[in-house]
Every structure is written in structure tokens, then in C-alpha cells.
Ligand SMILES: NC(=O)c1ccc[n+]([C@@H]2O[C@H](COP(=O)([O-])OP(=O)(O)OC[C@H]3O[C@@H](n4cnc5c(N)ncnc54)[C@H](O)[C@@H]3O)[C@@H](O)[C@H]2O)c1
Ligand SMILES: [Zn+2]
């Protein structure tokens, strides 16, 4: 038996933010990041709409990108003190994910972060509050997913919290919020969305329910991402919907090892100034993982189907897989994303000598590989790598060498 769960209500299209006026409750806490939502006036509008709905509003601001366990615990304390019956998270994946974890701690003050990370082990929520998520980036789709990614900076590891309990009650997908994204954010979050859709389509937990969403999202991303990067605002709007559909697919069809590797490399080189941004990590690893997974016959066929929907040509599945890999690499080139960790430089742009020195990478490789294998996303990948395979794959992601194993 499989389960397919989404928010009960999804408001989309320009002006959807106004749907906040329809929420019913007494007190709402708005969780928000470092300033973009405030700067562009969306925070004020959200507050005003909630007040129009008759609610007392408190704002918890300053949630950092790739939020920490410490921030989650701090936010939960504020919630406990204020007692909201609505948690409204607005911004990119970071503030929304942090608010989801705060929600768990608010409902169950005794729960530890370790307990939260037990896959599908969250106790029943909604005894104190409901959750509304409003995304301002076009990538994570956390407004519709059962996931939250929190970083333990002591360990340098990102931990996914996974449970349908944290699927928001209401999602607001208003493309106007995404118009203010700088180009680099468009590129990274867009490649994150493409990775979600492709991984969900080849996942062993894929189903006809998720396939339709994944394929349509891939087509829309192909049509609109690079143009959205080029400041075409109609395409920016399309990307906001496409990423959300990709999220509906992967929240129910799960992901694969591109994400396992991205989770485990994101913060591990932070001491060398290399914070490998989630979407950039995915963009670099995706072509390598496609080549690795395509050694599995079923996965190869499914990549072939993706290539067909994208009209990439190819006389057989091997050619289609090669064309898909080339196409993804071309998207990275078009949006100035490097192809490998070794060339990941300042501002996440490609450069000759990236942040992560070779000897540091090689020294940390065994533990990164072991952690990536243990990541919650590995189990649904179509091909299971062992320690040796994962190390080889990560090396290909460092040197940009071909995956032939
Ligand atoms: N929960 C999930 O299902 C899921 C899926 C994928 C990734 N993630 C996680 O989400 C996080 C990344 O989220 P993200 O990529 O959305 O970025 P983010 O939330 O970390 O934001 C990145 C930066 O962009 C700014 N920003 C956000 N929206 C903006 C806008 N409209 N205009 C201008 N600036 C804006 C923010 O202030 C911030 O400085 C990572 O921690 C990643 O691991 C979660
Ligand atoms: Zn992702």
C-alpha cells in the first residue's frame, strides 16, 4: 500500500497571498528569513491579511539559510510563549523548513531533534496549530512536501525530517513572490526542482499518481527555467507552478542519491568557505547519478521516457540517456553553474581552482560516502551503491570524470 498526501488547500496564481484572509483562528505566528520578504513588502501584506482575518499576529524573523537545530529550538520557545493556532511560514525553503520543525517541537516540547529525524516517526500534530506555507523561491516546494531539512552544524550534516504529519495544511503559490529572486537563486532553485522531478520519476516509490506530476514538471522546467534565469517573468511564473508540481511528485514518490550526496556535502566543507548550495550541488551531481543509475535496466528505460518527453532524440535508451545527461550539463552551462566540486568557486560560479582542496576532499571522502548511504533519500534510489561505489561516484562529482561503473 502506498499513500499520496498533499495540503488540503492550494492557492495559486498572482495575488494568491490574499488567501491568508480566509484562515480562521485567533493567533498567527509568521516565520520568516533574513529580510527579502520584509524588503519587498510581502511580510507587511501577510501580516495585514492575517489581521483582517481577525488574528493577533507575532513575527519570528531572522531564520538563516540552511537553518540550524538551534534556530528551531529558539523558534519553538517563542511559539510556546505566544500560543499560536496558525503557523504561517513565508520565504524560501529555509524559513519554511525551520518553521515545520518548530511546529513539531511546539506541539511536543519533550521531543528531541534525534527523535524528529526518525523517518515517518512524528506523532500526530495539529493539536495546537495548523500550518500555512508560502514559498518565495521556485525550487524546494516545501510548501507541499512532507519534508524539512535542518542542519546540525556541530556535525556538518543536513538531516531530513520526513513525515506526512508535516505536510502543510494550506499552501500558497503566488508567483509574484518569486519575481524578486536574483538570477543565481533562480538557477539554483530551478535545478533543485528539476532534480526533484527526475529523481521522483525514477524512484522505486514512483507511482502513476506521481509520474504525471513529475513528467509535466520536467516539461515545464525545460520550457521555462533558462528563460526565467534570463528575466522572462512569464517563465518565472511557470517555474513557480512547475517546482510545486515536482514537489507533489517527490513528496509522495520520494527522491534518490543526488539528494543524499547533496545533503552530506552541503555543509561539510564550510570550514574551507565552501558552503555548497543545495541546488548547485544537485545540478552538479545529477548528470553523474543519471549515468550511475542507468546501469539499472528499469531506470534506464525511465530516463529514456524523460528524454522522449523532452524531445531530445536518440535511437535507443543508451543514446537517450546520453542526450539527457548532455542536456542537463548544457543547462548548467547556460546558468553559470559548475560541473563539479573541484571547480566550485566564489559565489558558486565555476572557476579553475574551487574552494575544496583535493587532499581535504579525499580525506573526508570515506565519511561523506558512508553518511550519504545512510541518508533517508538513498533507500528509494533505483540502484543501491555500496561504500566503494559511493566513493567512486563522489570522486566523479569532484573531478568531473565519466561514470563508467
Ligand atoms: N523541505 C523540502 O522538501 C526541501 C527540498 C529541497 C531543499 N530543501 C532545503 O531548503 C533550503 C534551501 O531553500 P531555498 O533554495 O528556497 O533558499 P533559502 O530559503 O535558503 O533562501 C536563500 C536566500 O534567498 C533569499 N530569498 C528567498 N526568496 C527570495 C526572493 N523572492 N527574492 C529575493 N531573495 C529571496 C533568502 O533571503 C536567502 O538569503 C535548504 O536548506 C535545502 O536543504 C528542502
Ligand atoms: Zn532538493
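The values are calculated or read from the model by the stated rules, or taken from the named source; none is laboratory data. For clarity, every value in this text was computed on a predicted model and none was experimentally measured. FYI the Cβ positions are ideal-geometry reconstructions off the backbone, even for glycines, and counts take in every protein chain you see.
For the range 13-20, the condition of being surrounded by fewer than 15 Cβ atoms within 10 Å (Cβ to Cβ) and modelled with pLDDT under 95 holds for none of the residues. Just one residue in the set 105, 128 is in the same structural domain as residue 13 (by TED's automatic domain parsing), touching a residue at least 12 places away in the same chain (Cβ under 8 Å) and outside any loop (DSSP other than H, G, I, E, B); that residue is 105.
Being assigned by TED's automatic domain parsing to the domain that holds residue 211, closer than 21 Å to residue 210 by Cβ, touching a helix residue (DSSP H, G or I) at 6+ places or on another chain (Cβ under 8 Å) and modelled with pLDDT of 95 or more, is that true of even one residue in the range 328-346? Within the range 328-346, one or more residues are assigned by TED's automatic domain parsing to the domain that holds residue 211, closer than 21 Å to residue 210 by Cβ, touching a helix residue (DSSP H, G or I) at 6+ places or on another chain (Cβ under 8 Å) and modelled with pLDDT of 95 or more. Of all residues in the range 188-205, exactly one satisfies the criterion of being within 11 Å of residue 249 (Cβ to Cβ) and surrounded by fewer than 24 Cβ atoms within 10 Å (Cβ to Cβ), namely 205. Restricting the range 307-327 to residues that are part of a helix (DSSP H, G or I) and touching a helix residue (DSSP H, G or I) at 6+ places or on another chain (Cβ under 6 Å), the residue that is surrounded by the fewest Cβ atoms within 10 Å (Cβ to Cβ) is 309. Checking each residue in the range 264-275 for being in contact with a strand residue (DSSP E or B) (Cβ under 7 Å, 6 or more places away or on another chain) and either buried (at least 24 other Cβ atoms within 10 Å of the Cβ) or in the same structural domain as residue 154 (by TED's automatic domain parsing) (or both) picks out only 264.
In this structure, residue 60 does not qualify as at pLDDT 95 or above, touching a helix residue (DSSP H, G or I) at 6+ places or on another chain (Cβ under 8 Å) and not assigned by TED's automatic domain parsing to the domain that holds residue 138. Across the range 372-404, the qualifying residues are those that are modelled with pLDDT under 95 and in contact with a helix residue (DSSP H, G or I) (Cβ under 6 Å, 6 or more places away or on another chain), and the one among them that is farthest from residue 250 (Cα to Cα) is 375. When the test is whether a residue is surrounded by fewer than 23 Cβ atoms within 10 Å (Cβ to Cβ), outside the structural domain of residue 66 (by TED's automatic domain parsing) and within 20 Å of residue 279 (Cα to Cα), residue 222 passes it. Close Cβ contacts (under 8 Å, 6 or more residues apart or on different chains) running from residues in the range 210-229 that are within 21 Å of residue 6 (Cα to Cα) to residues that are surrounded by fewer than 21 Cβ atoms within 10 Å (Cβ to Cβ) comprise 210/4; 215/305; 215/309; 218/309; 218/310; 220/238; 220/241. Number of residues in the range 25-37 that are loosely packed, with under 15 Cβ neighbours inside 10 Å and either within 29 Å of the chain's Cα centre (by Cα) or under 11 Å from residue 89 (Cα atoms) (or both) equals 1. A single member of 241, 234 is under 17 Å from the mean Cα position of the chain (by Cα), surrounded by fewer than 24 Cβ atoms within 10 Å (Cβ to Cβ), assigned to a helix (DSSP H, G or I) and away from ligand 1 (no atom under 11 Å from the Cβ), and it is 241. The sole residue among 217, 193 that is within 11 Å of ligand 1 (Cβ to nearest atom) and closer than 22 Å to residue 337 by Cβ is 193. Close Cβ contacts (under 6 Å, 6 or more residues apart or on different chains) running from residues in the range 131-155 that are farther than 16 Å from residue 247 by Cα and touching a residue at least 60 places away in the same chain (Cβ under 8 Å) to residues that are near ligand 1 (Cβ under 6 Å from one of its atoms) and assigned to a loop (DSSP other than H, G, I, E, B) comprise 151/66. Just one residue in the set 70, 80 is part of a helix (DSSP H, G or I), over 23 Å from the mean Cα position of the chain (by Cα) and away from ligand 1 (no atom under 12 Å from the Cβ); that residue is 80.
Being assigned to a strand (DSSP E or B), surrounded by 15 or more Cβ atoms within 10 Å (Cβ to Cβ), without any contact (Cβ under 8 Å) to a residue 60 or more places away in the chain and in contact with a helix residue (DSSP H, G or I) (Cβ under 8 Å, 6 or more places away or on another chain) is not true of residue 45.
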